[in-house]
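Peer 1: Input: one structure, supplied below.
The values are calculated or read from the model by the stated rules, or taken from the named source; none is laboratory data. Given the structure is predicted, the values throughout are model-derived calculations rather than measurements. Please note: Cβ atoms are built from the backbone with ideal geometry, for glycine as well, and neighbour counts cover all protein chains shown.
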Amino acid sequence: MTDTTSVLGYAWPMVVSPGEEVAFHLSSPSVSKADAVLVRVRCGDPDPAGPGIRVQEMAAPFERTVSLVHQPIRPGSCAIVADTPALTSFQSFTIGTFVWPTMPGDRAQTILSRWRADVQEGWRLGLDADGHLEFVVAAGGRTWRVATGAALLSREWVLAGASWDAEAGRLAVMVRSVDPQGGRDRSERVEADGPTALEWPAAVPLVIAAHAGDARGELFDGFYDGKIDRPRLHASVQAIDGLYRLCESVNFPMADARLIAAWDFSRGMAGESVTDLSAHHLHGRLRQMPTRGMTGANWDGSTDRWTDCPEQYGAIHFHSDDMADAEWEPTVRFTVPAEWRSGFYALRLRADAGDEPVESFVAFFVRAELGKPRSRLAFVASTGTFLAYANSALRLDQVHAEAMLEGVLTLSRDDVYIQEHREVGLSTYDTHADGSGWSISSARRPILNMRPRGNVFNYGNDTHFIDWLEETGQDYDVITDDDIHRHGVQVLAPYTCVVTGSHPEYISREVWDAFDAYQRGGGRHMYLGGNGFYWRIAYHPTVPHTIEMRRGMTGLRTWEGEAGETALAFTGEPSSTWRSNGRPPQRLVGVGFDGQVFTHSSPYRWLDGAKDPALSWLTEGIDLAAPLGDFGLRGNGAAGVEIDRVDWSLGSPPGTVWLATADRLGYGGTPAPEEIRTLHRGVMGDQNAQVRADLVYFPTANGGAVFSTGSIAWVCALSHAGYENNVSQLTGNVLKRFLDPTPL
Amino acid sequence: MLVTYPEAAHWPIDPDRLDLVEEFRRQPRGPHGDELQKLLHRLRWAGDPDQPGRYVLIVTQPGKEWMLGRLPRQRGRPIELMRNHVFTSIAEAEWEVFKLRWEAVTGRTLPPHLSEKLA
């Protein structure tokens with residue numbers, strides 16, 4: 001068994017141009033030295049039935065033996081307000097906020113604090129280990145505490161607050177339920193003795209959704225799971241009605257010197273700071289990217305987009321496992337030589353640490369520099385999809401996984417690691433510890449399934465196409481979703497043909513528009529995958545390689561977002577499927593997602609459309625009476641896993657030539673949820689011809705064209721029988737013609 | 001929040017239906033008849049409620065060797081590796097897991113001719 005996890009790392013940036021520097025941020029808790037070699041990746045799938053791991057060692061100027069140290073990851077999001085005189089300018093005070101806790105009773109959690117955990121001084125409002133709201137003040141070795149008698153409910157809004165009356169020497173904690181009906185009422189007020197004067201600890205940040213571990217403001221603890229909406233800090237003693245008025249207010253026209261802070265999380269939604277509306281300007285910064293654009297306690301259902309009514313979206317959903325930045329120090333720096341070809345690359349780390357050999361890869365991509373193509377062909381690294389699936393724990397956490405995959409779960413060494421080490425951060429397929437969906441994914445952390453030897457879905461499968469290009473001697477450039485998003489069609493335009501891989505599923509509007517413009521401009525697009533152009537995502541406006549998505553209310557979803565929370569915080573755009581955004585994939589690439597099949601994959605059978613003599617360039621050397629792709633590494637067929645079909649009503653172009661279909665998929669063919677309008681039996685692939693994979697070709701404007709295979713399994717069939725097979729032949733035929741500039 | 005519940009699969013399993021066990025043994029990877037599909041759905045969906053975790057396979061050599069394990073229901077807890085249960089084919093592993101599950105859900109031991117390893 002190869003140890004793929006004792007050494008881990010990430011490359012930053014994840015995508016570099018020749019001549020640019022990439023830094024490898026590495027960590028190991030057990031290995032002190034490793035042999036580090038840069039490799040160009042040809043095939044990342046270790047399956048002995050296929051080409052196996054195929055990488056080419058590259059010369060590099062750095063010392064091969066690298067020293068490693070353990071660099072911990074510190075997940076958990078919070079807002080941090082740097083210390084300022086205003087935070088120690090008062091004695092008596094009231095704090096409060098609307099909260100929607102998602103894990104009350106799981107462990108102690110801090111909601112609002114100016115607290116130092118190392119010396120146990122300051123004040124904090126939070127939930128105790130049993131879910132009661134508690135307020136603690138401490139100084140000079142003495143601690144005062146007051147807590148509610150009832151635990152808060154999960155996923156119910158309450159106004160939660162506390163006050164310290166220094167003159168009376170009393171503490172109070174107070175709760176008012178927003179909906180007190182049907183057993184939900186948790187409203188109460190509890191008082192206890194408190195101090196009459198306190199000396200606040202110096203140099204401690206105010207923290208929302210956690211508390212400071214020490215005075216340095218770098219370590220945090222006591223992370224809270226759930227939403228916080230409109231937190232307030234007032235230098236007076238307020239009862240629940242006064243606190244309610246403070247928290248309900250979303251603007252403060254009369255400056256009130258005693259209003260120390262009134263945060264409005266609906267401002268600067270895409271950014272990493274939070275805004276204070278008070279005269280003190282106690283703005284804060286967010287760590288580990290909590291989810292913004294969340295409905296507040298005042299959301300009334302009048303809109304489902306925060307851009308329409310930001311004041312109803314003043315909540316942030318904090319998670320104790322949010323993780324956007326591992327914050328590791330760089331271990332190795334490397335400037336990519338100008339002469340390097342673009343491609344999939346990795347730093348390979350080997351060590352002999354224990355019983356098992358260590359071999360761990362850290363992936364990065366070298367892009368073809370903008371405006372400097374070195375080939376007429378470009379292959380797109382689907383970095384949006386790689387990020388969306390980064391460190392997926394779907395099979396570990398979700399009840400349906402084994403039934404969906406039609407067999408006992410087969411887990412890799414990486415899966416075994418992720419089960420124990422959730423601090424690496426999960427994928428947009430996963431739920432946080434509190435059950436809410438994971439909507440943000442970044443590359444500033446180890447991504448175990450985007451590298452050679454990793455789980456093959458997406459990255460590994462796509463390398464089968466690279467392997468085929470290398471095998472056939474075809475030159476190519478590699479470009480990435482990130483680049484297409486940033487620079488649009490000008491990334492695609494220099495190429496006569498652009499190929500998208502097994503699963504280009506996660507697409508921003510900018511990326512979609514670039515492909516549309518490319519195809520309209522005479523470009524040739526080979527889409528060799530399934531379930532492509534499916535989800536609408538956004539890229540962070542300033543942080544590279546960071547995406548956001550919302551699962552919305554339709555589509556094949558491993559979690560369902562909350563009502564009113566389908567708009568992206570990064571951009572304000574609606575998310576969900578492109579189909580529900582008026583752009584079914586059929587319109588762009590002729591076919592669109594219709595189902596999954598994991599029991600086995602199938603061959604296609606040729607249809608009359610392929611027999612047109614005008615398409616002899618496409619079918620040359622292929623027996624149209626024989627099945628197309630009755631072999632392959634994914635289910636022994638070229639049509640399978642996730643599949644797409646033609647649908648004229650969903651926008652397949654009238655000029656589409658329907659070349660072949662795989663429409664006899666058996667009971668394992670399961671339709672996507674959006675394919676079923678009403679409930680009835682007979683929807684599975686053994687009875688339903690709409691569950692199928694279709695192979696299509698159509699010409700576009702200005703001599704361009706599109707060829708689509710509608711199946712994830714396609715590229716994993718290319719190497720069958722020494723690359724001499726009809727899937728390989730057809731792919732080669734189309735590529736050859738698509739690289740010929742003669743108009744189609 | 002939409003939740004999936006492991007106890008939702010409730011197709012009644014008849015412990016006398018050894019014909020379904022034989023059908024699975026013949027073709028662990030399918031295709032399977034309607035009733036065997038329902039039986040498998042129940043077993044796979046429920047995820048071994050009598051065990052400390054769901055039975056899973058750990059790939060020890062890609063495409064060649066797998067080890068039985070138990071995946072805890074609580075995230076963060078380590079997967080239990082059952083090092084004495086190593087398989088050289090997925091079909092063999094499927095059969096072993098099926099037997100464990102059948103005996104757990106029916107409370108009955110399989111007769112000798114159905115309890116052997118897959119040839």
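Peer 1: Which residue is nearest to the chain's Cα centre (by Cα), if the candidates are limited to region A:403-421 and must be of a type outside the set (D, E), more than 7 Å from chain B (Cβ to nearest Cβ) and assigned to a helix (DSSP H, G or I)?
Peer 2: Within region A:403-421, the first condition is being of a type outside the set (D, E), and the residues that meet it are A:403-405, A:407-413, A:416-419, A:421.
Checking which are more than 7 Å from chain B (Cβ to nearest Cβ) leaves us with A:404-405, A:413, A:417-418, A:421.
When the remaining residues are screened for being assigned to a helix (DSSP H, G or I), the result is A:404-405, A:413, A:417-418.
Working: A:M404: 22, A:L405: 22, A:R413: 22, A:Y417: 19, A:I418: 16 Å.
In this case the residue turns out to be A:I418.
Peer 1: Can you name every residue in region A:428-460 that is part of a strand (DSSP E or B) and basic (K, R)?
Peer 2: Residues of region A:428-460 that are part of a strand (DSSP E or B), as a first pass: A:431, A:437, A:440-442, A:444.
The one that is part of a strand (DSSP E or B) and basic (K, R): A:R444.
Peer 1: Among the listed residues A:G217, A:G226, A:G222, identify the single one that is touching a residue at least 24 places away in the same chain (Cβ under 8 Å), surrounded by fewer than 20 Cβ atoms within 10 Å (Cβ to Cβ) and among the small types (G, A, S).
Peer 2: Working: A:G226 fails: surrounded by fewer than 20 Cβ atoms within 10 Å (Cβ to Cβ); A:G222 fails: surrounded by fewer than 20 Cβ atoms within 10 Å (Cβ to Cβ).
Answer to the check: A:G217.
This table checks each residue for (1) outside any strand (DSSP E or B); (2) of a type outside the set (S, T, N, Q); (3) at pLDDT below 95.
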position: A:A11; (1), (2), (3): no, yes, no
position: A:A23; (1), (2), (3): no, yes, no
position: A:V39; (1), (2), (3): no, yes, no
position: A:D45; (1), (2), (3): yes, yes, no
position: A:F62; (1), (2), (3): yes, yes, yes
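Peer 1: Considering only region A:263-310, give the strands (runs of 3 or more DSSP E) lying wholly within it that have at least 3 residues that are in contact (Cβ under 8 Å) with a residue 60 or more places away in the chain. Working first, answer last.
Peer 2: Values: elements: A:273-276, A:284-287, A:291-294.
Hits in region A:263-310: A:284-287, A:291-294.
Peer 1: Is it the case, given these coordinates, that A:R189 is surrounded by fewer than 23 Cβ atoms within 10 Å (Cβ to Cβ), of a type outside the set (S, T, N, Q), in contact (Cβ under 8 Å) with a residue 12 or more places away in the chain and within 24 Å of A:R287 (Cα to Cα)? First the steps, then the outcome.
Peer 2: On the way: surrounded by fewer than 23 Cβ atoms within 10 Å (Cβ to Cβ): yes; of a type outside the set (S, T, N, Q): yes; in contact (Cβ under 8 Å) with a residue 12 or more places away in the chain: yes; within 24 Å of A:R287 (Cα to Cα): no.
Answer is no for this residue.
Peer 1: Checking A:M103 against (1) touching a Gly at 6+ places or on another chain (Cβ under 8 Å); (2) more than 14 Å from chain B (Cβ to nearest Cβ); (3) surrounded by fewer than 23 Cβ atoms within 10 Å (Cβ to Cβ), which test does it fail?
Peer 2: Single failed check for A:M103: (2).
Peer 1: Looking at A:A197, A:A168, A:A172, A:A147, which is the one that is closer than 18 Å to A:G96 by Cβ and over 41 Å from the mean Cα position of the chain (by Cα)?
Peer 2: Values: A:A197 fails: closer than 18 Å to A:G96 by Cβ; A:A168 fails: closer than 18 Å to A:G96 by Cβ; A:A147 fails: over 41 Å from the mean Cα position of the chain (by Cα).
That would be A:A172, the only listed residue that is closer than 18 Å to A:G96 by Cβ and over 41 Å from the mean Cα position of the chain (by Cα).
Peer 1: Here is a further query. When the residues of region A:50-65 are filtered to those that are of a type in the set (D, E, K, R) and in contact with a strand residue (DSSP E or B) (Cβ under 7 Å, 6 or more places away or on another chain), which remaining residue is surrounded by the most Cβ atoms within 10 Å (Cβ to Cβ)? Walk me through how you get there before you give the answer.
Peer 2: Narrowing region A:50-65 to residues of a type in the set (D, E, K, R): A:54, A:57, A:63-64.
Within this subset, residues satisfying the condition of being in contact with a strand residue (DSSP E or B) (Cβ under 7 Å, 6 or more places away or on another chain) are A:54, A:57, A:64.
Details: A:R54: 19, A:E57: 10, A:R64: 11.
My answer is A:R54.
Peer 1: May I pose another question? Just to be sure before I move on: is B:R44 surrounded by 15 or more Cβ atoms within 10 Å (Cβ to Cβ), touching a helix residue (DSSP H, G or I) at 6+ places or on another chain (Cβ under 6 Å) and either among the charged types (D, E, K, R) or within 9 Å of chain A (Cβ to nearest Cβ) (or both) in the structure I sent?
Peer 2: Working: surrounded by 15 or more Cβ atoms within 10 Å (Cβ to Cβ): yes; touching a helix residue (DSSP H, G or I) at 6+ places or on another chain (Cβ under 6 Å): yes; either among the charged types (D, E, K, R) or within 9 Å of chain A (Cβ to nearest Cβ) (or both): yes.
Spelling it out, B:R44 is indeed surrounded by 15 or more Cβ atoms within 10 Å (Cβ to Cβ), touching a helix residue (DSSP H, G or I) at 6+ places or on another chain (Cβ under 6 Å) and either among the charged types (D, E, K, R) or within 9 Å of chain A (Cβ to nearest Cβ) (or both).
Peer 1: Sticking with this one: Would you please list the contacts, defined by Cβ atoms under 7 Å and residues six or more apart or on different chains, that run from a residue in region A:28-41 that is in contact (Cβ under 8 Å) with a residue 24 or more places away in the chain and under 18 Å from A:P452 (Cβ atoms) to a residue that is of a type in the set (K, R) and in a loop (DSSP other than H, G, I, E, B)?
Peer 2: So the pair list comes out as A:D35/A:R64; A:A36/A:R64; A:V37/A:R64.
Peer 1: Restricting to region B:92-112, give me the number of residues that are in a helix (DSSP H, G or I), aliphatic (A, V, I, L, M) and more than 8 Å from chain A (Cβ to nearest Cβ). Before you say what the answer is, go through the steps one by one.
Peer 2: Of all residues in region B:92-112, those in a helix (DSSP H, G or I) come to B:92-106, B:112.
Applying the additional criterion that residues be aliphatic (A, V, I, L, M) yields B:93, B:97, B:100, B:104-105.
Still in the list and also more than 8 Å from chain A (Cβ to nearest Cβ): B:100, B:104-105.
So the answer is 3.
Peer 1: Being over 24 Å from the mean Cα position of the chain (by Cα), surrounded by 16 or more Cβ atoms within 10 Å (Cβ to Cβ) and among the small types (G, A, S) is the filter here, so list the residues in region A:18-44 that pass it.
Peer 2: Within region A:18-44, A:S28, A:A34, A:A36 qualify.
Peer 1: What about A:D47, is it surrounded by fewer than 21 Cβ atoms within 10 Å (Cβ to Cβ), assigned by TED's automatic domain parsing to the domain that holds A:L127 and acidic (D, E)? Give the derivation first.
Peer 2: On the way: surrounded by fewer than 21 Cβ atoms within 10 Å (Cβ to Cβ): yes; assigned by TED's automatic domain parsing to the domain that holds A:L127: no; acidic (D, E): yes.
So A:D47 does not fit the description; no.
Peer 1: Sticking with this one: Would you tally the residues in region A:5-26 being in contact with a helix residue (DSSP H, G or I) (Cβ under 8 Å, 6 or more places away or on another chain) and of a type in the set (V, I, T)?
Peer 2: Looking only at region A:5-26, we keep the residues that are in contact with a helix residue (DSSP H, G or I) (Cβ under 8 Å, 6 or more places away or on another chain), and these are A:5, A:8, A:14-15.
In the following step, the residues that additionally are of a type in the set (V, I, T) were identified as A:5, A:15.
Total meeting the criteria: 2.
Peer 1: Within 11 Å of another protein chain (Cβ to nearest Cβ), within 14 Å of the chain's Cα centre (by Cα) and of a type in the set (F, W, Y): does that describe B:Y5?
Peer 2: Details: within 11 Å of another protein chain (Cβ to nearest Cβ): yes; within 14 Å of the chain's Cα centre (by Cα): no; of a type in the set (F, W, Y): yes.
So B:Y5 does not fit the description; no.
Peer 1: Follow-up. Name the residues in region A:70-91 that are more than 29 Å from the chain's Cα centre (by Cα) and either acidic (D, E) or crowded, with 20+ Cβ neighbours inside 10 Å (or both), would you?
Peer 2: A:D83, A:A86, A:L87
Peer 1: Which of the residues belonging to region B:61-91 are within 9 Å of chain A (Cβ to nearest Cβ) and among the small types (G, A, S)?
Peer 2: B:G63, B:G69, B:G76
Peer 1: Considering only region A:698-718, I want to know if a residue exists there that is among the hydroxyl-bearing types (S, T, Y) and surrounded by fewer than 17 Cβ atoms within 10 Å (Cβ to Cβ).
Peer 2: If we filter region A:698-718 for residues that are among the hydroxyl-bearing types (S, T, Y), which is where we start, we get A:700, A:708-709, A:711.
Those left that are additionally surrounded by fewer than 17 Cβ atoms within 10 Å (Cβ to Cβ): none.
Scanning region A:698-718 turns up no residue that is among the hydroxyl-bearing types (S, T, Y) and surrounded by fewer than 17 Cβ atoms within 10 Å (Cβ to Cβ).
Peer 1: Being of a type in the set (A, V, I, L, M), touching a residue at least 12 places away in the same chain (Cβ under 8 Å), in a loop (DSSP other than H, G, I, E, B) and in contact with a Gly (Cβ under 7 Å, 6 or more places away or on another chain) is the requirement here; does A:A368 meet it?
Peer 2: Working: of a type in the set (A, V, I, L, M): yes; touching a residue at least 12 places away in the same chain (Cβ under 8 Å): yes; in a loop (DSSP other than H, G, I, E, B): yes; in contact with a Gly (Cβ under 7 Å, 6 or more places away or on another chain): no.
Taking the combined requirement at face value, the residue does not satisfy it.
Peer 1: Of A:V399, A:V358, which residue is within 14 Å of another protein chain (Cβ to nearest Cβ) and either within 30 Å of A:G640 (Cα to Cα) or part of a strand (DSSP E or B) (or both)?
Peer 2: Values: A:V358 fails: within 14 Å of another protein chain (Cβ to nearest Cβ).
Testing whether each residue is within 14 Å of another protein chain (Cβ to nearest Cβ) and either within 30 Å of A:G640 (Cα to Cα) or part of a strand (DSSP E or B) (or both) leaves just A:V399.
Peer 1: Then there's this: Against the definition (of a type in the set (A, V, I, L, M, F, W, C) and surrounded by fewer than 22 Cβ atoms within 10 Å (Cβ to Cβ)), how does A:A151 come out, yes or no? If you could, list the steps in order and put the result at the bottom.
Peer 2: Numbers: of a type in the set (A, V, I, L, M, F, W, C): yes; surrounded by fewer than 22 Cβ atoms within 10 Å (Cβ to Cβ): yes.
Judged against the criteria, A:A151 is a match.
Peer 1: Could you check how many residues of region A:192-209 are touching a Cys at 6+ places or on another chain (Cβ under 9 Å) and either closer than 22 Å to A:G141 by Cα or surrounded by fewer than 21 Cβ atoms within 10 Å (Cβ to Cβ) (or both)? Reasoning before the result, please.
Peer 2: In the first step, residues of region A:192-209 are kept if they are touching a Cys at 6+ places or on another chain (Cβ under 9 Å); the result is A:207-209.
The next check asks that each one be either closer than 22 Å to A:G141 by Cα or surrounded by fewer than 21 Cβ atoms within 10 Å (Cβ to Cβ) (or both); those that pass are A:207.
Of the residues in that region, 1 qualify.
Peer 1: Within the group B:I58, B:I13, which residue is within 7 Å of chain A (Cβ to nearest Cβ), in contact (Cβ under 8 Å) with a residue 12 or more places away in the chain and either assigned to a loop (DSSP other than H, G, I, E, B) or buried (at least 19 other Cβ atoms within 10 Å of the Cβ) (or both)? Can you show your working first?
Peer 2: On the way: B:I13 fails: within 7 Å of chain A (Cβ to nearest Cβ).
Answer to the selection: B:I58.
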